[in-house]
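What follows is a short report on a single structure.
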Amino acid sequence: MYISTYNNNGLDDVLMILFKKTNLQEQSYGRRNDTVTIRDKKTKEVVGVNVFNASTYLEGLTNGPVTLEGKNLEVVNQLLEEAGAEKTLTENTDPTFVVGHVKSCKPVEGSDHLNVTETEVDKGEVLQIVCGASNIAEGQKVVVAKVGAVMPDGLVIWPGELKGVKSEGMICSARELGLPQESSGIMVLDDSEPTGFPFQFKQ
């Protein structure tokens with residue numbers, strides 16, 4: 001799995017590719033031309049790559065998450081090879097924001113507000129997601145940001161753990177999706193919304 005985003009505001013024409021979540025203190029860096037390889041200091045594993053002056057190499061870049069495909073994917077893989085990054089990217093067009101169906105919802109032991117859910121995000125794919133919203137309930141259709149999703153505020157969704165309970169994604173509120181928040185808590189969709197379909201952002 002990898003996450004690719006483009007930033008032409010705060011970072012000035014940089015494509016960022018993330019393979020694994022690490023702390024800055026755990027990282028080392030190596031640069032070849034415009035490509036910076038980021039490694040875990042202990043394991044030497046490549047955890048990320050930054051491509052500076054990205055628009056000189058790639059076409060059609062816009063701020064935010066980037067789907068690498070076609071010629072752009074070939075170019076990035078060539079840059080990674082030249083930089084010795086030991087990674088080859090494949091095309092990944094799977095949606096990261098989808099309609100989920102909360103199959104079960106139970107309180108997390110030792111917490112006064114967290115619930116652990118089993119949430120279906122596609123046929124046969126059920127994720128364990130911890131949610132702290134007061135309005136979460138079994139049977140709801142909700143918006144799920146899967147692992148690898150990049151939120152409108154730039155937050156990247158990684159696997160996590162809350163109160164010792166693993167969580168693989170996030171059940172979203174309208175505010176977190178950059179949409180008008182009409183009520184508190186998560187965004188609850190109409191029951192007719194098809195499970196697993198990409199969520200369409202509509203203002």
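The values are calculated or read from the model by the stated rules, or taken from the named source; none is laboratory data. Keep in mind that this is a model prediction, so the values were computed, not measured. Positions of Cβ are generated from backbone atoms using ideal geometry, with glycine treated the same way; all protein chains shown enter the neighbour counts.
Summary of computed values
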| read-out | value |
| --- | --- |
| Among (1) at pLDDT 95 or above; (2) under 18 Å from Leu89 (Cα atoms), the one test that Val66 misses | (1) |
| Identity of the residue in the range 64-92, among the β-branched types (Val, Ile, Thr) and assigned by TED's automatic domain parsing to the domain that holds Asp13, that ends up farthest from Val126 (Cα to Cα) | Val75 |
| Subset of the range 155-172 (residues that are in contact (Cβ under 8 Å) with a residue 60 or more places away in the chain and surrounded by fewer than 19 Cβ atoms within 10 Å (Cβ to Cβ)) | Val156, Trp158 |
| In the range 50-75, the residues that are part of a loop (DSSP other than H, G, I, E, B) and of a type outside the set (D, E, K, R) | Asn53, Tyr57, Leu58, Gly60, Leu61, Thr62, Asn63, Val66, Thr67, Leu68 |
| Complete set of residues in the range 76-102 that are loosely packed, with under 13 Cβ neighbours inside 10 Å, outside any loop (DSSP other than H, G, I, E, B) and not acidic (Asp, Glu) | Gln78 |
| Strands (runs of 3 or more DSSP E) wholly inside the range 112-203 containing at least 1 residues that are under 17 Å from the mean Cα position of the chain (by Cα) and farther than 14 Å from His101 by Cβ | 125-131, 141-145, 160-162, 165-167 |
| Members of the range 12-39 that are surrounded by 17 or more Cβ atoms within 10 Å (Cβ to Cβ) and more than 11 Å from Ala85 (Cα to Cα) | Val14, Leu15, Met16, Ile17, Leu18, Phe19, Thr22, Asp34 |
| Selection count, the range 88-110, where residues are basic (Lys, Arg) and closer than 26 Å to Ile3 by Cα | 0 |
| Where a residue in the range 19-33 is in a helix (DSSP H, G or I) and its partner, wherever it lies, is β-branched (Val, Ile, Thr) and surrounded by 12 or more Cβ atoms within 10 Å (Cβ to Cβ), with Cβ under 9 Å and at least six apart | Glu26/Val47 |
| Residue within the range 154-161 that is more than 19 Å from Thr22 (Cβ to Cβ) and among the charged types (D, E, K, R) present | no |
| Any hit, the range 103-110, residues being of a type in the set (Asp, Glu), without any contact (Cβ under 8 Å) to a residue 12 or more places away in the chain and either surrounded by fewer than 17 Cβ atoms within 10 Å (Cβ to Cβ) or over 30 Å from Asn9 (Cβ atoms) (or both) | no |
| Where a residue in the range 1-15 is assigned to a strand (DSSP E or B) and its partner, wherever it lies, is acidic (Asp, Glu), with Cβ under 9 Å and at least six apart | Tyr6/Asp13; Asn7/Asp13 |
